[in-house]
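Peer 1: My structure is below; once you've seen it, I'll send some questions.
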Amino acid sequence: MKIQQNKNNFLIDNNVSLEKAKFVIIPVPYEQTTSYGKGTKNGPSEIIKASPQIELWDEELKCDTYKVGIFTADDFIYVSSEKEFFSNIEKYVDHIINSYSAFPVFIGGEHSITQGLIPPFQKRYKNLSVLHFDAHADLRKEYEGSKHSHASALYPAAVSGAKIVQIGIRSVASDERYMTERPNVKTLLMNENLDIKKLKRKVIDELSENVYMTIDVDGFDPSVMPATGTPQPGGFMWYDALDVFSEVICKKNVVGIDVVETSPVKGFHITEFNAAKLIYRLIGYISKKRKYFSHW
């Protein structure tokens, strides 16, 4: 399976091959079940388009993180049916994580793509847990006739027995509330966990050693990420969220990340720019954990 390079690069074209890259950006412009605001299929391309506006020197980490090598893969384009998409993306992700050493960062697309991203990591990493950053629990068995709905993004992982730690949650449907009470699901409601220091301790205590991070941008306060399909009032502010993410990356072995649900609004570039900067910062945190620069 040949992984083609995207004609548009995340941040900058630094002529790195996938074989030599430390990170691979994988755009997944999938949108089939959005139930309110539309446009998540445009999220990956607009985030990549916004990324060159980011200063390459990271002001927090004090380095030019891009120099570690970031490869941007071509879009993973879905075929005609949901069944084919989820079967194919599982095979694709399995190939990526077992054939290359580059750390994978997936850009959605609607949150349903996470259903196809997590299983290959579960096969490779024992006792994988999931940090789920979101405004919504996303634990419905199905929604509007689809078991692959964005509202069901974490349901398959939950019923598989994976440990799931949910933060930022401020919208839970009555028909999924029972899922939040499963022994392997820890739902830390936003209104009950406003003390970030205490929240960090809870998150670290609940997660296993190997962690997959799925980040729905509506987990942020709408002032930070306004262009998303199903916004909710409240949510994480920028530095509080980064505080949690950096703590998890520092204390655990994070093996993969997805950032989903950016729904761009024409002429209003805040969300795609902020999502691009978030991805770059997360790449920086991973690079620091793995000591890719000598001054760390």
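Peer 1: So in the range 245-268, with the set limited to residues that are under 19 Å from ILE97 (Cβ atoms) and of a type in the set (D, E, K, R), which one is nearest to the chain's Cα centre (by Cα)?
Peer 2: ASP258
Peer 1: So, one more: Can you run down the residue pairs with Cβ atoms below 6 Å, 6 or more apart or on separate chains, where the first is in the range 1-24 and of a type in the set (Lys, Arg) and the partner is outside any loop (DSSP other than H, G, I, E, B) and surrounded by 19 or more Cβ atoms within 10 Å (Cβ to Cβ)?
Peer 2: Hits for this filter: LYS22/VAL68.
Peer 1: So which residues in the range 17-42 are in contact with a Ser or Thr (Cβ under 6 Å, 6 or more places away or on another chain) and modelled with pLDDT of 95 or more?
Peer 2: Answer for the range 17-42, where residues must be in contact with a Ser or Thr (Cβ under 6 Å, 6 or more places away or on another chain) and modelled with pLDDT of 95 or more: just ILE25.
Peer 1: Let me ask something additional. From the residues in the range 166-180 that are out of contact with any strand residue (DSSP E or B) (no Cβ under 8 Å at 6 or more places or on another chain) and part of a loop (DSSP other than H, G, I, E, B), which one is surrounded by the most Cβ atoms within 10 Å (Cβ to Cβ)? Before you say what the answer is, go through the steps one by one.
Peer 2: Taking the range 166-180 as the starting set, the residues that turn out to be out of contact with any strand residue (DSSP E or B) (no Cβ under 8 Å at 6 or more places or on another chain) are 173-178.
When the remaining residues are screened for being part of a loop (DSSP other than H, G, I, E, B), the result is 173-176.
Numbers: ALA173: 14, SER174: 6, ASP175: 12, GLU176: 21.
In this case the residue turns out to be GLU176.
Peer 1: Restricting to the range 93-112, name every residue that is touching a Ser or Thr at 6+ places or on another chain (Cβ under 7 Å) and not acidic (Asp, Glu).
Peer 2: Keep residues of the range 93-112 that are touching a Ser or Thr at 6+ places or on another chain (Cβ under 7 Å), which gives 108-110, 112.
Selection gives GLY108, GLY109, SER112.
Peer 1: I'd like to check something: does the range 69-82 contain any residue that is polar (S, T, N, Q), surrounded by fewer than 24 Cβ atoms within 10 Å (Cβ to Cβ) and without any contact (Cβ under 8 Å) to a residue 24 or more places away in the chain?
Peer 2: yes
Peer 1: Can we say GLU90 is surrounded by fewer than 19 Cβ atoms within 10 Å (Cβ to Cβ), touching a Pro at 6+ places or on another chain (Cβ under 7 Å), assigned to a helix (DSSP H, G or I) and without any contact (Cβ under 8 Å) to a residue 40 or more places away in the chain? Let's see the steps before the verdict.
Peer 2: Numbers: surrounded by fewer than 19 Cβ atoms within 10 Å (Cβ to Cβ): yes; touching a Pro at 6+ places or on another chain (Cβ under 7 Å): yes; assigned to a helix (DSSP H, G or I): yes; without any contact (Cβ under 8 Å) to a residue 40 or more places away in the chain: yes.
Answer is yes for this residue.
Peer 1: Please specify each residue of the range 37-56 satisfying the condition of being assigned to a helix (DSSP H, G or I) and more than 11 Å from GLU272 (Cβ to Cβ). Walk me through it before giving the result.
Peer 2: Kept after step one, since they are assigned to a helix (DSSP H, G or I), are these residues of the range 37-56: 40-53.
Of everything in the range 37-56, those that are assigned to a helix (DSSP H, G or I) and more than 11 Å from GLU272 (Cβ to Cβ) turn out to be THR40, LYS41, PRO52.
Peer 1: In the range 45-60, how many residues are without any contact (Cβ under 8 Å) to a residue 60 or more places away in the chain and small (Gly, Ala, Ser)? If you could, list the steps in order and put the result at the bottom.
Peer 2: So in the range 45-60, the residues without any contact (Cβ under 8 Å) to a residue 60 or more places away in the chain come out as 45, 52, 55-57, 59.
Filter once more, keeping what is small (Gly, Ala, Ser): 45.
Summing the residues that are without any contact (Cβ under 8 Å) to a residue 60 or more places away in the chain and small (Gly, Ala, Ser) in the range 45-60 gives 1.
The values are calculated or read from the model by the stated rules, or taken from the named source; none is laboratory data. All values derive from a computational prediction rather than experimental measurement. Glycine gets a Cβ as well: all are built from the backbone with ideal geometry, and neighbour counts include every protein chain shown.
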